[in-house]
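A.B. asks: I have a structure I would like to understand better, so I am pasting it below and will then ask my questions one at a time.
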Amino acid sequence: MLDMEIDTGDTAWVLVSAALVLLMTPGLALFYGGMVRSKSVLNMMLMSFASLGVIGVLWVLFGYSMTFGSSVGNARIVGNPLEYLGLEGLMSPDAVAGTVPALAFVSFQAVFAIIAVALISGAIADRAKFGTWIVFTVVWATLVYFPVAHWVFAFDATDDAGAVTTYGGWIANSVQALDFAGGTAIHINAGAAALALALVVGKRIGFAKEPMRPHNLPLVMLGAGLLWFGWFGFNAGSALGANTLASVAFVNTIVATSAAILGWLLLERLRDGHPTSLGAASGVVAGLVAITPAANSVSPVGALVIGLVAGVACAAAVGLKYRFGYDDSLDVVGVHLVGGLVGTLLIGFLAHPQSPAEVAGLFYGGGFDQLGRQAIGAFAVLVYSFVVTLLIALLLKAVMGWRVPAEAESDGIDGDQHAESGYDLHPLRGGSGMIATATAAGSTRATSAEAAPTKSEELA
Amino acid sequence: MKLITAIIKPHQLESVRDALERFGISGMTVSEASGYGRQRGHSEVYRGAEYTVDFIPKIRLEVLVDEPDAANVINLIVQQARTGRIGDGKVWAVPVDEVVRVRTGDRGPEAL
């Protein structure tokens, strides 16, 4: 923690940004929820809400400390979980991160961790035991997200003489890959984890044979809108101040996303014949993912190129699961892994020397230097996340099991795991359910029902 | 008495209902149905994955009529439901033994 003056404008923006990013996770729940069949909408949305519960608690207990505590043994691998255990010491007015109170920074980063975990759930729609998912979120955040976020987001703190006083992560400080708001730490990370998880959990019954149409596309579009809105906090908020840097990230977050919508729709029109609403909503997310690492290092025109490439690349990549036969149900790999790679690697080409990052990419005479750094950062996170997630998922498969019974999956996981239905579209079913509950509770209603004549008495 | 059942295109319901009302039919039941005949289904594409949708949304209209009205009612429905394009539906009639109005206990044609 540098000893700096707190700026009220910066603090206000970071706190508002944290709230914006928090809204992304319920937005993601809508985006994902609309894409599954109606019989499993609640389970889908609940997986995101589970992350809101679990990760919010872990972050305060030891997650923040593992991510932003000083590196254990100065090794740049993981922060010291004991340094800020339970956010110890951070309520002091002297606890400052940059120009904002440490707890404003803690809040902002908490909501990043929450959505990183929630993103993965799209890979295992309709079929995973809720309890196993909860345990997975705890283990994955601890072994994968917190360390990787430390690698990417924890910068060294130095004293006036320039000597390192607090050691951060290796990708940020040794490799110096540019990742402004989490193209590697969040999107490549979650995308690679999603691939590993989809492989271990296995395909849904009827995958690629039965129609699995999205049951509510307006919900998907509402979710995409909320994600975009919240993403201004994600990217512009990552400036950690109300300043030019935030404004550059903000405009890049507009133009890349707009271009990605066009890219996705164009590919659909040429390949499938129709531009679709699901394509537009998916294009929004693809563009947002791709501009996330690059929001501070490219010009608005560079952002436009990144968005367009991401829209086309992700629209092409979502078909891969049918070719290779893995059931990444809602295309976390096709959108987040591919989009994250597009954005992270294109920085190597498009980084603009006059951008706030002040780095020149290949197209601006910077040579291959930055591209190499970007590639190392991207692939290190990809490989680590994939391998460790694979091990976690296999362990949980052996200990708890991932799949609900086949019959429960066919009938709809909502009833089996949560004893709820997303929609009351069949009033008759709802009615008989109420009476059964009343009988079980021994209410007066059940007693009066017993007193009524039975069918045979009436006939007699 | 006859039970006339018609499977029609959803958009034709309003003109069918209008015509039957003008004819003097005072009640009917409609439900949403899905099915296919010669029309078959259509295809939809989601994120590049193409699905064939076999069952197409239709309206099932049921109306109880007195025997002498049956032929006229069938003709009215056919006239109003026809667009001339494939998928216009079907109309059929079956005899009905008993009809009771629940509120009053009226039976037979009185209950219609």
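A.B. asks: Select from region B:62-87 the residues that are assigned to a loop (DSSP other than H, G, I, E, B) and touching a helix residue (DSSP H, G or I) at 6+ places or on another chain (Cβ under 6 Å) and list them in ascending order.
C.D. replies: Selection gives B:Asp66 alone.
A.B. asks: For region A:282-326, give me each residue that is assigned to a loop (DSSP other than H, G, I, E, B) and of a type in the set (Ser, Thr, Tyr).
C.D. replies: Within region A:282-326, A:Thr292, A:Ser297, A:Ser299, A:Tyr326 meet the criteria.
A.B. asks: All but one of (1) of a type outside the set (A, V, I, L, M, F, W, C); (2) open to solvent by less than 60 Å² (accessible area, probe 1.4 Å); (3) within 30 Å of A:Met212 (Cβ to Cβ); (4) more than 14 Å from chain A (Cβ to nearest Cβ) hold for B:Tyr36; which doesn't?
C.D. replies: The failed condition is (2).
A.B. asks: Shifting gears a bit: Looking at (1) open to solvent by 20 Å² or more (accessible area, probe 1.4 Å); (2) of a type in the set (Asp, Glu); (3) closer than 19 Å to A:Lys39 by Cα, which is the only condition A:Glu409 fails?
C.D. replies: Status for A:Glu409: all satisfied but (1).
A.B. asks: Go through A:Met212, A:Met221 for me and flag whichever is surrounded by fewer than 24 Cβ atoms within 10 Å (Cβ to Cβ), within 14 Å of chain B (Cβ to nearest Cβ) and closer than 23 Å to A:Ala19 by Cβ.
C.D. replies: When all the criteria are applied, what remains is A:Met221.
A.B. asks: Which of the residues spanning region A:29-55 are part of a loop (DSSP other than H, G, I, E, B) and surrounded by fewer than 24 Cβ atoms within 10 Å (Cβ to Cβ)?
C.D. replies: Within region A:29-55, A:Arg37 is the sole residue that qualifies.
A.B. asks: Another question about this same structure. Does any residue of region A:195-207 turn out to be within 23 Å of A:Ile124 (Cβ to Cβ), open to solvent by 20 Å² or more (accessible area, probe 1.4 Å), touching a helix residue (DSSP H, G or I) at 6+ places or on another chain (Cβ under 7 Å) and not charged (D, E, K, R)?
C.D. replies: For region A:195-207, residues within 23 Å of A:Ile124 (Cβ to Cβ), open to solvent by 20 Å² or more (accessible area, probe 1.4 Å), touching a helix residue (DSSP H, G or I) at 6+ places or on another chain (Cβ under 7 Å) and not charged (D, E, K, R): present.
A.B. asks: When only residues in region A:313-332 that are aliphatic (A, V, I, L, M) and either buried (at least 23 other Cβ atoms within 10 Å of the Cβ) or closer than 10 Å to A:Gly287 by Cα (or both) count, which is nearest to the other protein chains (Cβ to nearest Cβ)?
C.D. replies: Across region A:313-332, the extreme among qualifying residues is A:Val318.
A.B. asks: For residues in region A:224-250 being assigned to a helix (DSSP H, G or I), open to solvent by 60 Å² or more (accessible area, probe 1.4 Å) and not aromatic (Phe, Trp, Tyr), which is farthest from the other protein chains (Cβ to nearest Cβ)?
C.D. replies: Among residues in region A:224-250 that are assigned to a helix (DSSP H, G or I), open to solvent by 60 Å² or more (accessible area, probe 1.4 Å) and not aromatic (Phe, Trp, Tyr), the one farthest from the other protein chains (Cβ to nearest Cβ) is A:Thr244.
A.B. asks: With the condition kept exactly as written, say whether any residue in region A:7-28 is open to solvent by less than 30 Å² (accessible area, probe 1.4 Å), in contact with a His (Cβ under 6 Å, 6 or more places away or on another chain), in the same structural domain as A:Leu103 (by TED's automatic domain parsing) and closer than 24 Å to A:Ala185 by Cβ.
C.D. replies: Among the residues of region A:7-28, not one is open to solvent by less than 30 Å² (accessible area, probe 1.4 Å), in contact with a His (Cβ under 6 Å, 6 or more places away or on another chain), in the same structural domain as A:Leu103 (by TED's automatic domain parsing) and closer than 24 Å to A:Ala185 by Cβ, which makes the answer no.
Yes or no, residue by residue, for (1) modelled with pLDDT of 95 or more; (2) in a helix (DSSP H, G or I):
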{"position": "A:Gly343", "(1), (2)": "yes, yes"}
{"position": "A:Ile347", "(1), (2)": "yes, yes"}
{"position": "A:Gln354", "(1), (2)": "yes, no"}
{"position": "A:Gly372", "(1), (2)": "yes, yes"}
{"position": "A:Ala393", "(1), (2)": "yes, yes"}
{"position": "A:Gly431", "(1), (2)": "no, yes"}
{"position": "A:Ile435", "(1), (2)": "no, yes"}
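A.B. asks: Given the criterion more than 12 Å from A:Val255 (Cα to Cα), away from chain B (no Cβ under 14 Å) and out of contact with any Cys (no Cβ under 7 Å at 6 or more places or on another chain), identify the matching residue among A:Val289, A:Val305.
C.D. replies: The unique qualifying residue is A:Val289.
A.B. asks: When only residues in region A:251-284 that are more than 12 Å from chain B (Cβ to nearest Cβ) and over 21 Å from A:Phe349 (Cα atoms) count, which is least open to solvent (accessible area, probe 1.4 Å)?
C.D. replies: The residue in question is A:Val284.
A.B. asks: List every residue pair whose Cβ atoms sit under 7 Å apart, with the two residues 6 or more apart in sequence or on different chains, where the first one lies in region B:62-90 and is over 24 Å from B:Gly37 (Cα atoms) and the second, anywhere, is assigned to a helix (DSSP H, G or I).
C.D. replies: B:Val65/B:Val73; B:Asp66/B:Pro109; B:Asn72/B:Phe23
A.B. asks: Could you please tell me which pairs satisfy a Cβ distance under 7 Å, a separation of 6+ or placement on different chains, a first residue in region B:46-61 that is within 14 Å of chain A (Cβ to nearest Cβ) and in a loop (DSSP other than H, G, I, E, B), and a second residue that is among the charged types (D, E, K, R) and open to solvent by 20 Å² or more (accessible area, probe 1.4 Å)?
C.D. replies: Sorted first by the residue in region B:46-61, then by its partner, the pairs are B:Gly48/A:Arg271; B:Gly48/A:Asp272.
A.B. asks: Let me ask something else about it. All but one of (1) open to solvent by 10 Å² or more (accessible area, probe 1.4 Å); (2) over 16 Å from the mean Cα position of the chain (by Cα); (3) touching a residue at least 24 places away in the same chain (Cβ under 8 Å) hold for A:Leu337; state the number of the condition that does not hold.
C.D. replies: Here A:Leu337 meets the rest and fails (2).
The values are calculated or read from the model by the stated rules, or taken from the named source; none is laboratory data. Bear in mind the structure is a predicted one, so any value in this text is a computation, not a measurement. We place every Cβ from the backbone using ideal geometry, glycine too, and count neighbours over all the protein chains shown. These accessible areas exclude ligands, DNA and RNA; they are computed on the full protein's heavy atoms, side chains included. Shrake-Rupley method; radii C 1.70, N 1.55, O 1.52, S 1.80 Å.
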